[in-house]
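Here the structure is laid out as structure tokens; the discussion comes afterwards.
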Amino acid sequence: FCPEVFEPVTGVENNTPAQIESVLKKGLVELGQAFYLAQLNNQVKWTHIVAHAILESAWGTSRIARDKRNLFGFRAYDSSNYDSDGKFYYYEDCVYNWTRWFRKNYLEPTGKFYNGDSEFGVNVRYATSSIAGVNKSFIVRDLRQKAKIKNE
């Protein structure tokens with residue numbers, strides 16, 4: 001059981017950019033500040049933002065992430081993901097713009113894809129995989145444990 005599946009995704013977690021950076025690796029290194037600011041400006045927990053980037057981009061190493069600086073598969077569709085996805089000049093722009101869009105469409109009650117403020121609710125209409133929300137929740141748990149251990 002992973003209770004993180006049902007917790008609110010919105011809010012702010014009490015970590016510094018350096019603490020966030022300490023758990024990032026591969027293609028996400030040096031984006032701790034971007035994830036921190038996206039959390040503050042959009043009120044979406046950094047662990048959920050990072051977990052989504054990890055799943056969608058294989059820690060920032062996918063072709064879309066490398067070629068288009070798109071860590072979330074933003075605007076990509078399963079049938080034409082490389083051709084249909086968005087391109088960004090900076091990874092930081094991708095993090096901020098995706099988080100703002102995600103909050104507006106999936107986490108706010110007025111959002112067109114809103115089904116609750118949790119990974120369980122988000123996954124109703126976000127991913128084709130029925131367990132994407134569960135997978136993200138286990139990553140959230142792991143990120144929190146690592147950030148706590150490294151920064152105590």
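Only the coordinates and a few stated rules stand behind these numbers; no lab work does. This structure is a prediction, so every number in the text was calculated from the model and none was measured. Neighbour counts are summed over all protein chains in view; Cβ atoms, including those assigned to glycine, are modelled from backbone coordinates with ideal geometry.
Worth pointing out:
- Distance violations [Cα-Cα > 22 Å] among Lys68/Lys146; Lys45/Lys104; Lys25/Lys148; Lys25/Lys68; Lys25/Lys146; Lys68/Lys148: Lys68/Lys146; Lys68/Lys148
- Cβ-Cβ FRET estimate between Val29 and Arg100, R0 fixed at 22 Å, reported to 0.05: 0.45
- Relative frequency of Cα-Cα separations exceeding 24 Å in the chain, percent: 25 percent
- Label point distance in nm, Ser22-Leu40, each placed 7 Å from Cα along Cα→Cβ: 1.9 nm
- Additional length obtainable on full extension of the chain from Phe6 to Ser130, 0.36 nm per residue less Cα span: 43.2 nm
- Overall form of region 1-56 per C-alpha gyration tensor (a/c, 1.5; a/b vs b/c): oblate
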